[in-house]
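Scroll down for the structure; my scribbles are underneath it.
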Amino acid sequence: MKGLSIFFAALIAFFINSFVKLPEEPSVQTTGKKYFTLSFDDGITQDYKIMEICRKHNFKGITFNINSGLCGKNWDWVGDAIGKPGTAHQRLTKKEIKSGAYDGFDIAVHGCKHSSLKNYDNDPLGLWFEIEKDALNIKAMTGNYPVGMAYAGGDTEYTEESIENLRKYTTIKYARCTTSTYGFDFPTDYLKWQPTCGILDPNLFELAEKFLEDDGENKLFYVWGHGYELDAFEKYDELEKLIEMMNEAEDVVCVSNTDFYLLNQ
């Protein structure tokens, strides 16, 4: 059974890689020694508020990672899970996304069903349907074929075999993890791309100041999170403050995850 899964996954990957046009050039033509980027997961209604803040500041340094197989789903248990009952976790519908909800912003893969990739370590075809099908769905909804993703469930939900299967059977070029580095180094392996910290990290603004004061070369400040966290813990003002800080810094280039990857290949 695994042999058949490998055969069909390899066959599909061959055709996808042969005929699907992936982005080769960043949407911004710029170079810089210091970069800032954000990413938010799940494709939920709080993304509207995040995009409102971004548009207010003409900020494009953000990527939204969505689950195309869960569009419109309501995970009302999320609030209880984080100790904030009643916090909304309502995903945008396919109609909303097709109608341009994310127009002007970078969209990436988060898995069709937000599944653990460990489930597919012996099933490359299943991995293809979870990851590459998500990319195909995003292309159908937005017109853009994503080359990146964020691991659903975080760093406990994939293995080295999962990563190698991504390399072999999908078009994914980068994948964001969840363990904070608290540093500003560029990733050495884009399929193990660890962020600087999460949006709720108590060290967020200490790290932001440290990054702005750093005059070294090839530095990246990468912050990730979920929109529902901003709702539950009333952090929208802090997000806006962070965006303002990075936008106003003359030596910082604000880019989406995808643009950072494409600029630094």
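Residues in the range 181-205 that are open to solvent by less than 10 Å² (accessible area, probe 1.4 Å) and in a strand (DSSP E or B) were compared, and the one that is farthest from F260 (Cα to Cα) is C197.
What about I107, is it open to solvent by less than 50 Å² (accessible area, probe 1.4 Å), under 20 Å from G225 (Cα atoms), assigned to a helix (DSSP H, G or I) and aliphatic (A, V, I, L, M)? No. A residue that is in contact (Cβ under 8 Å) with a residue 12 or more places away in the chain, within 19 Å of D47 (Cα to Cα) and open to solvent by less than 30 Å² (accessible area, probe 1.4 Å) cannot be found anywhere in the range 114-130. With respect to the conditions (1) open to solvent by less than 20 Å² (accessible area, probe 1.4 Å); (2) among the hydroxyl-bearing types (S, T, Y); (3) not in a strand (DSSP E or B), Y228 falls short on a single one, namely (1). Taken over the range 159-180, the residue count meeting the criterion of being open to solvent by 30 Å² or more (accessible area, probe 1.4 Å) and touching a strand residue (DSSP E or B) at 6+ places or on another chain (Cβ under 8 Å) is 3.
Scan the range 19-63 residue by residue and report those that are charged (D, E, K, R), over 18 Å from E250 (Cα atoms) and open to solvent by 40 Å² or more (accessible area, probe 1.4 Å).
Result: K21, E24, E25, K49, E52, R55, K56.
Test of understanding: among A140, A150, which residue is small (G, A, S) and either surrounded by 15 or more Cβ atoms within 10 Å (Cβ to Cβ) or over 27 Å from G104 (Cα atoms) (or both)?
A150
One residue alone among I163, I172 is in a loop (DSSP other than H, G, I, E, B), touching a helix residue (DSSP H, G or I) at 6+ places or on another chain (Cβ under 6 Å) and either free of Cβ contacts under 8 Å to residues at least 24 places away in the same chain or closer than 15 Å to D189 by Cα (or both), and that residue is I172. How about the range 153-188: which of its residues are of a type outside the set (A, V, I, L, M) and within 16 Å of A108 (Cα to Cα)? Scanning the range 153-188 gives G153, G154, T170, T171, K173, Y174, R176, C177, T178. Among the residues of the range 73-113, the ones that are touching a residue at least 24 places away in the same chain (Cβ under 8 Å) and of a type in the set (G, A, S) come to 6 in all. Within the range 231-252, the residues that satisfy the criterion of being surrounded by 20 or more Cβ atoms within 10 Å (Cβ to Cβ) and touching a strand residue (DSSP E or B) at 6+ places or on another chain (Cβ under 6 Å) are M246, V252. From the list I66, I53, I62, I82, exactly one residue is of a type in the set (V, I, T) and more than 20 Å from the chain's Cα centre (by Cα). Which is it? Exactly one residue qualifies, and that residue is I82.
The values are calculated or read from the model by the stated rules, or taken from the named source; none is laboratory data. Keep in mind that what you see is a predicted model, and the values were worked out from it rather than measured. Backbone-built Cβ (ideal geometry, glycine too); neighbour counts: all protein chains shown. For accessibility, only protein heavy atoms count, side chains too; no ligands or nucleic acids. Shrake-Rupley method; radii C 1.70, N 1.55, O 1.52, S 1.80 Å.
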